[in-house]
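The values are calculated or read from the model by the stated rules, or taken from the named source; none is laboratory data. For clarity, every value in this text was computed on a predicted model and none was experimentally measured. Heads up, the Cβs are rebuilt from the backbone with ideal geometry, glycines too, and the neighbour counts pull from every protein chain shown. The protein model used for the area step is the full one, side chains on, heavy atoms only, and it has no ligands, DNA or RNA in it. Shrake-Rupley method; radii C 1.70, N 1.55, O 1.52, S 1.80 Å.
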Amino acid sequence: MASFILLQLVVTVAAMGAARAGPLTAGFTPVRLTESQFVVQKPYNVPLDARYKFAGGVRRLWVYSTDKPGSPTHPGGARTEIKINVYSSGVWQFKGEVYVPTGTSGASIMQIFGARPERQATTLMLHVYDGSLTFYHDLHRVLAENIYNRWIRLNVIHHVATRNVTVYVDGHERLSYRGPGAPSAPHYFKFGVYKQSHHHPSHVMESRWRNVAVFIKP
């Protein structure tokens, strides 16, 4: 993972009981997504069904810490992720429910790709370490605890012009900060599992997703 810089980032983690009133998608318009827009990125040397299953409305993605990257020349680490919806302006929202089985640790499960290249490659990454959902690999910025073996709902809102990113877990605001993105940079949402180099990643990493949707504010 590209290094990320905490300078000039203002990060606030909301109080555990605080929830935003009303539906988080109010004022947003759903974006119609076809199945072809769910682009799976997987280790280049294995077939798709060896790392990805889609059945009963649930997308299951897994990867091994020893897996190859997405291509022989790709500098990134092992991953099985889905990429959707490239955008470079406006206010966008990602919504989905995620289930992380016991044992998965040291993986990014959701990210907003795209930022100022001189800073880092991403605007947001949500990692899992020992059952906690964290902001990047910062174990002091925990967005949710004890997430193993249960469905949680994620809403992520990205205001491209102001660079503001807000993350909600089960309807509660957990994170709000001004990210390193830039209006001219292309962004897209990614979800799945992407091995990280911090805090001893597990051998097997897995996440399951359902009801994934994208919204835009006119």
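For this structure, a couple of remarks:
- Compactness of segment 87-214 as Cα Rg over 2.2 N^0.38 Å, two decimals: 0.99
- Carbon + sulfur, % of accessible area of the chain - ligands and nucleic acids excluded, 1.4 Å: 54
- Spin-label pair R178/T25, simplified geometry with 7 Å Cα→Cβ offset, distance in nm: 3.1
- For segment 79-152 versus segment 28-62, the inter-centroid distance based on Cα atoms is 16 Å.
- In this label model, S89 and N45 are separated by 4.5 nm, measuring between points 7 Å along each Cα→Cβ vector.
- Once the Cβ-Cβ distance of F38 and L139 is raised to the sixth power relative to R0 = 30 Å, the FRET efficiency obtained is 0.45.
- Taking Lys and Arg as +1 and Asp and Glu as -1, the other residues whose beta-carbon sits under 14 Å from that of K190 total +4.
- Tensor-based shape of the chain (alpha-carbon gyration tensor, a/c under 1.5 rounded, otherwise prolate or oblate): rounded
- Think of a 1.4 Å ball rolled over the protein heavy atoms: the chain then has 45 Å² of accessible area per residue.
- Loop-located trypsin sites (Lys or Arg not before Pro) in segment 21-79 (DSSP state not H, G, I, E or B) with no more than 15 neighbouring Cβ atoms inside 10 Å: R32.
- Per-residue extension of 0.36 nm, minus the Cα-Cα distance of H200 and K217, leaves a gain of 2.2 nm for this segment.
- Taking every alpha-carbon pair under 8 Å whose residues sit at least 6 apart, segment 107-196 reaches a relative contact order of 34 percent.
- All other residues whose Cβ lies under 13 angstrom from that of T134 are scored, Lys and Arg at +1 and Asp and Glu at -1, for a net of -1.
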